[in-house]
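Below you'll find the structure, written out as structure tokens, and then a few comments.
The values are calculated or read from the model by the stated rules, or taken from the named source; none is laboratory data. Small disclaimer: the values here were computed from a predicted structure and weren't measured. With ideal geometry, Cβ positions are generated from the backbone for all residues, glycine too; neighbour counts draw on all protein chains shown. SASA here: full protein model, heavy atoms, side chains in, ligands and nucleic acids out. Shrake-Rupley method; radii C 1.70, N 1.55, O 1.52, S 1.80 Å.
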There are 2 protein chains.
Amino acid sequence: MSGLVLHPLAQDLLFREARTANTFTTEPVTEEQAQAIYDLVKYAPTAYNQSPLRIVLVRSDEARGRLLRHMAEGNQPKTAAAPLVAILAADNEFHEELPRLLPHFPQAKDLLFAERPVREESALLNATLQAAYFILGVRAAGLAAGPMTGFDFPGVQKEFLDDDHTPLMVVNIGRPGEKPWFPRSPRLAYEEVVTTV
Amino acid sequence: MSGLVLHPLAQDLLFREARTANTFTTEPVTEEQAQAIYDLVKYAPTAYNQSPLRIVLVRSDEARGRLLRHMAEGNQPKTAAAPLVAILAADNEFHEELPRLLPHFPQAKDLLFAERPVREESALLNATLQAAYFILGVRAAGLAAGPMTGFDFPGVQKEFLDDDHTPLMVVNIGRPGEKPWFPRSPRLAYEEVVTTV
């Protein structure tokens, strides 16, 4: 497409032909794929390189069963069938790693992020950016993502995380199965979204 | 890279070689580029296809001057020099467009999003996802993005938006100039971010 330099096949893979999948084949998502996805998307930007996203990969049947109990009823069949399920969370204590992550400004930890409410707001914003990078990273592996916020957040936090980690979304991951999605819904036109001043 | 199907050059363009730029050349960012970026990233997923991101492109000197007054001092030179500046915001009244955006579930507007606080929370999450897609879209156009949250949020909202639109970030856009960035900072290792259960 004119105006872009990204190859059209890559545009299709990440944006135009990729879709949110509601059904999946049984083909496993390997540990190698999960690592490759993370090792790509970790480079995308966050404020002060704070990198607050944390990921719980639900691989065992036992953990899957515990997660299913907290999913909204309409999401349970998808999450039961997905080859891999990831719980994405924000680490509200990300500042502990900051001196290592931001070597040119190690004071950021104490100067900017001494207060927990400040950290929570920043972690929510930046981990959400990273969740979007992760969704596109799943697509970069040739897989489909099914991100969901329809679940019991305190339940998932208590079951899989701790008081310092806030759940953001649960993502089903795999190859699209039978009738994996509705027809593509319309998008807003450029003129409806963008104003110029 | 093993485990991914996205072409290595596209991986470099979007993730590995792209960097947050602090200086820019004077080469303009065209309207064609801005449209191409939006028309690519509009396809990436949001909950119920709610698509709450709204974008103000600051192109006139007059508007640039008004924006600069609300930027943190450390961000002012970057925002003064960037060929194009975009204010990204969440539309808390996104539900008005939902019947059109979600034709297979037009009741979503009233069933799920009748309450303003519910809309605000959902718009914040989903517009933030779209902000991440937008940053990668800027890179897909061969440009560098410089996302910033160091500005007076109420000031920018009052100056450029209204009570229904919450600012998320300001993004400088252009080609990297002289000494555009620090050396790449370290990233957390896979084992530090991902746990498997």
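Here are some notes:
- The single condition from (1) part of a helix (DSSP H, G or I); (2) open to solvent by less than 20 Å² (accessible area, probe 1.4 Å); (3) under 18 Å from residue B:130 (Cα atoms) that residue A:88 fails is (1).
- Qualifying residue in segment B:113-131 (condition: of a type in the set (Ser, Thr, Tyr) and assigned to a loop (DSSP other than H, G, I, E, B)): no
- Residue count for segment B:138-149, restricted to those that are facing another protein chain (nearest Cβ under 8 Å), assigned to a strand (DSSP E or B) and open to solvent by 10 Å² or more (accessible area, probe 1.4 Å): 1.
- When the residues of segment B:150-197 are filtered to those that are small (Gly, Ala, Ser) and part of a loop (DSSP other than H, G, I, E, B), the one that is surrounded by the fewest Cβ atoms within 10 Å (Cβ to Cβ) is B:189.
- Contact map, segment A:178-197: residues that are more than 7 Å from chain B (Cβ to nearest Cβ) paired with residues that are open to solvent by less than 60 Å² (accessible area, probe 1.4 Å) and among the β-branched types (Val, Ile, Thr), Cβ distance under 8 Å, separation 6+ or inter-chain. Pairs shown: A:178/A:23; A:179/A:23; A:180/A:23; A:181/A:20.
- Boolean, residue B:80 is at pLDDT 95 or above, open to solvent by less than 60 Å² (accessible area, probe 1.4 Å) and part of a strand (DSSP E or B): no
- Meets criteria (open to solvent by 50 Å² or more (accessible area, probe 1.4 Å) and at the interface with chain A (Cβ under 7 Å from one of its Cβ atoms)) for residue B:43: yes
- Among the residues of segment A:7-19, not a single one is in a strand (DSSP E or B), crowded, with 16+ Cβ neighbours inside 10 Å and within 18 Å of the chain's Cα centre (by Cα).
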